[in-house]
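A.B. asks: Pasting a structure here, questions to come.
The values are calculated or read from the model by the stated rules, or taken from the named source; none is laboratory data. Given the structure is predicted, the values throughout are model-derived calculations rather than measurements. Cβ sites come from the backbone with ideal geometry, for glycine too, and all protein chains shown count toward neighbours.
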Amino acid sequence: MTTRKKTTRKKTSSRRYGQLASKKVQRSMEEMKAGKLRSGRSGKKVTSREQAIAIGLSEARRAGGKVPSPAKAATKTAGQRSPRRASSAAG
């Protein structure tokens, strides 16, 4: 009987989010807790934990960090409805 030599492979990184994303989210959470985090367009104070995380991930994405792209359902806007639905909702 021959013995087989086991080959060991280096495990590739399977992390979905990079270190930059973690730092940006942590910073935005600290700002939110201190009451200094504001939303981009309206400038309103952010009070939601989920919104603070989304802002941190968005900043990391812009800075070139390893962050998965947002889900397609979350990126759709209400203005992209079909004309048939919009007219029936108004009437």
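A.B. asks: Given the criteria at pLDDT 80 or above and touching a Gly at 6+ places or on another chain (Cβ under 9 Å), does Gln51 qualify?
C.D. replies: When the stated conditions are applied, Gln51 does not pass them.
A.B. asks: On to the next question. Can we say Glu30 is surrounded by fewer than 10 Cβ atoms within 10 Å (Cβ to Cβ), of a type in the set (Asp, Glu) and either outside any helix (DSSP H, G or I) or modelled with pLDDT of 90 or more (or both)?
C.D. replies: Criteria not met by Glu30.
A.B. asks: When the residues of segment 69-91 are narrowed to those that are at pLDDT below 85 and not in a helix (DSSP H, G or I), which ends up surrounded by the fewest Cβ atoms within 10 Å (Cβ to Cβ)?
C.D. replies: Among them, the one singled out is Gly91.
A.B. asks: Another one. Being assigned to a loop (DSSP other than H, G, I, E, B) and of a type in the set (D, E, K, R) is the requirement here; does Arg61 meet it?
C.D. replies: no
A.B. asks: Is it the case, given these coordinates, that Lys23 is under 23 Å from Pro68 (Cα atoms) and not in a loop (DSSP other than H, G, I, E, B)?
C.D. replies: Yes, satisfied.
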